[in-house]
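See structure below.
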Amino acid sequence: MQIITTKNALLEAVSTAKLQDKTIGFVPTMGALHDGHLTLVKRCVSENDLCFVSVFVNPTQFNDKNDLANYPRTVEADAALLESVGCKVMFVPNADEMYNADEMQKPFEFDFGGLDQVMEGRFRPGHFNGVVQVVSKLFKLVQPTRAYFGEKDFQQLAIIRRMVSVMKFPIEIVGCPIVREASGLALSSRNSLLTSEQRQRAVHISQVLKESQIFALETSVQELHDAVVAAINAREGLDVEYFEIVDGKTLQSIKKWEETDDVVGCITVYCGKIRLIDNIRYK
Ligand code: PAF
């Protein structure tokens with residue numbers, strides 16, 4: 001596996017691959033890799049001639065400086081994991097390589113068609129501007145045939161699909177199901193910041209979501225919403241930031257189950273100071 005830190009070296013690796021008519025699959029990450037990422041990388045390896053992975057904790061998508069400072073960074077372990085599953089190129093730039101001073105300061109402009117006004121976008125203003133900024137830059141550099149994203153970041157995936165369509169990138173976006181621990185907890189780099197007690201508490205989030213699937217459609221949307229929020233908040237140390245039952249394409253909240261055939265419940269919960277996200281499909 002080649003470990004590349006500069007855009008020029010990356011462009012060289014890409015042009016060599018293109019000259020050899022090889023397809024490139026791409027997995028953008030912020031590192032602190034876990035089995036969820038590795039599932040994406042393995043799928044990428046199996047569906048493309050070459051798999052490229054970026055590891056870059058993107059400063060422009062953090063609206064909270066502490067969150068950025070505390071984000072786990074494990075580059076050496078990440079490299080070993082990526083090599084073990086067949087990744088061919090790991091791109092690990094620093095912020096100066098990715099951005100000039102102007103780009104770091106001014107919010108990146110993009111027409112989100114309203115997808116950024118809800119959920120994560122409402123609670124993390126500017127977050128998705130940074131995500132689109134970095135992913136569009138990475139796509140221009142790597143020029144992949146396919147790019148892989150986890151469905152845990154449900155809103156991000158919807159926004160990336162819109163970005164590809166608006167910016168006309170000839171890239172297939174492959175959404176991959178959430179990977180969970182045996183306990184049900186959705187895998188996340190942030191889980192490494194949880195104490196063992198918090199980790200046990202956090203399991204309650206996926207349990208409540210799973211149980212809610214049983215009652216969905218039989219109870220009103222509002223009642224289901226309120227029951228999920230109450231059940232999670234009832235557990236000491238968990239605090240729901242939002243739970244939205246939305247149309248999976250427009251991400252707008254629904255009032256009645258009949259409104260659409262594509263319904264997902266998206267949640268963010270603070271477990272102590274750690275912000276965890278998860279989602280569940282109802283339809
Ligand atoms: O999902 C993530 O890890 C990040 O938002 C991404 C897509 C790598 C962009 O920095």
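The values are calculated or read from the model by the stated rules, or taken from the named source; none is laboratory data. Being a predicted model, the structure only gives us computed values, none of them experimental. We place every Cβ from the backbone using ideal geometry, glycine too, and count neighbours over all the protein chains shown. These area figures cover heavy atoms from the full protein model, side chains too; ligands, DNA and RNA do not enter into them. Shrake-Rupley method; radii C 1.70, N 1.55, O 1.52, S 1.80 Å.
With both residues required to sit in the chain, DSSP beta bridges show an antiparallel share near 50%. With all protein chains in place and a 1.4 Å probe, the accessible surface of the chain carries 50 percent carbon and sulfur.
Rounding to the nearest 10 and keeping the result within 0 to 90°, find how far the Cα-based axis of helix 75-84 lies from the longest principal axis of the chain. Approximately 80 degrees, to the nearest ten.
Projected onto planes of every orientation and averaged, the convex hull of the alpha-carbon atoms in region 2-57 covers 3.9 nm².
For region 146-224, what is the convex hull (Cα atoms) projected area averaged across all directions, in square nanometres?
Over all viewing directions, region 146-224 projects a mean Cα-hull area of 7.4 nm².
Between 0 and 90 degrees, the angle of helix 154-166 with respect to the longest Cα principal axis of the chain falls at about 50 degrees. Restricting the GluC sites (Glu not before Pro) of region 179-283 to loop positions (DSSP other than H, G, I, E, B) with no more than 16 neighbouring Cβ atoms within 10 Å leaves Glu181, Glu218, Glu236.
Taken per residue, the accessible surface of region 98-200 reaches 46 Å², heavy atoms only and a 1.4 Å probe.
For region 146-161, the residues whose amide N sits under 20 Å from a probe point set 7 Å from the Cα of Lys283 along the beta carbon direction are 154-155, 158.
With the biggest extent put first, the Cα atoms of region 134-283 measure 47, 41, 24 Å across the principal axes. Size descriptors for region 76-131 (Cα atoms only): Rg and Dmax, in that order, 16.1, 40 Å.
The calculated 222 nm mean residue ellipticity attributable to helices in the chain amounts to -12500 deg cm²/dmol, summing -39500 (n - 2.57) over DSSP H runs of n ≥ 4 and dividing by all residues. Around Val131, under 12 Å between beta carbons, what's the net of Lys plus Arg minus Asp minus Glu among the other residues? Its environment carries a net charge of 0. Over all other residues within a Cβ to Cβ distance under 13 Å of Thr250, the charged ones net out to -3, with Lys and Arg as +1 and Asp and Glu as -1.
In order along region 199-212, the phi-based Karplus estimate (6.51 cos²θ - 1.76 cosθ + 1.60, θ = phi - 60°) of 3J(HN,Hα) comes to 4, 5, 5, 4, 4, 4, 4, 5, 5, 5, 4, 5, 4, 5 Hz; Gly and Pro are listed as x. The share of Cα pairs per 5 Å bin across the chain, counted from zero up to the longest distance, runs 1, 5, 12, 16, 18, 17, 13, 9, 5, 2, 1, 0 percent.
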